[in-house]
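Before anything else, here's the structure in question.
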Amino acid sequence: TCFLGRPYFMNDLKRLDHKMGFWLNLSGNATLRVYGLPPGPTTISLHTGWNLVGYPTTCTNMTAANAFWGTGASIVEAFDPQATYRTAVVGPTRLMKPGEGYWVYVTADSVWTVSW
């Protein structure tokens with residue numbers, strides 16, 4: 001967790017990387033600039049229960065069902081500004097969006113490989 005205005009040592013978020021999904025709660029419009037080189041194929045550990053993960057690829061034609069095939073994912077949620085809790089379940093045919101974060105529910109630990 002990281003709260004602006006608190007001293008650094010009081011926040012436990014030390015870094016962000018391309019494997020992580022992250023939730024920014026803003027009071028107004030903002031631009032987030034991301035710098036660096038695109039990563040290659042990436043493995044992301046999924047732990048039993050809910051996982052907030054990034055989708056670190058430029059692939060725009062991957063469905064949720066194909067993206068999470070083999071992981072045991074039974075529920076995938078994405079940001080939805082109209083939903084009560086700002087996330088909604090996505091169907092298996094929904095196209096994944098590069099750079100977006102996803103809540104993924106798995107019933108057992110697994111590894112998700114995201115290819116470019």
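The values are calculated or read from the model by the stated rules, or taken from the named source; none is laboratory data. This one's a predicted model, so the numbers in the text were calculated from it and none came from an experiment. Cβ: placed from backbone, ideal geometry, glycine included. Neighbour counts: every protein chain shown. Just the protein is used for accessible areas: all its heavy atoms, side chains included, with ligands, DNA and RNA removed. Shrake-Rupley method; radii C 1.70, N 1.55, O 1.52, S 1.80 Å.
So, restricting to strands (runs of 3 or more DSSP E) that lie completely within the stretch 31-116, which ones have at least 2 residues that are touching a strand residue (DSSP E or B) at 6+ places or on another chain (Cβ under 8 Å) and β-branched (Val, Ile, Thr)?
So the answer is 42-46, 73-79, 87-89, 101-106, 110-114.
Go through (1) at pLDDT 95 or above; (2) open to solvent by 50 Å² or more (accessible area, probe 1.4 Å) and name the single condition Gly49 misses.
Every listed condition holds for Gly49 apart from (2).
Looking at the stretch 1-23, which of its residues are modelled with pLDDT of 65 or more and open to solvent by 100 Å² or more (accessible area, probe 1.4 Å)?
If the condition is that a residue be modelled with pLDDT of 65 or more and open to solvent by 100 Å² or more (accessible area, probe 1.4 Å), then Asp12, Lys14, Arg15, Trp23 are the ones that fit.
Being under 16 Å from the mean Cα position of the chain (by Cα) and of a type in the set (S, T, N, Q) is the requirement here; does Ser27 meet it?
no
Pairs please, first residue from the stretch 40-51 and on the phi > 0 side of the Ramachandran plot, second anywhere and modelled with pLDDT of 95 or more, Cβ atoms under 8 Å, 6+ apart in sequence or on different chains.
Within 8 Å, the pairs are Gly49/Tyr105; Gly49/Val106.
Here's another thing I want to ask about it. So which residues in the stretch 72-93 are in contact (Cβ under 8 Å) with a residue 24 or more places away in the chain and either closer than 12 Å to Tyr55 by Cβ or within 15 Å of the chain's Cα centre (by Cα) (or both), if there are any at all?
Result: Ala73, Ile75, Val76, Glu77, Ala78, Val90.
If I ask for residues that are open to solvent by less than 30 Å² (accessible area, probe 1.4 Å), within 27 Å of Pro39 (Cα to Cα) and not polar (S, T, N, Q), which ones from the stretch 60-93 would you list?
Correct list: Ala64, Ala67, Phe68, Val76, Ala78, Val90.
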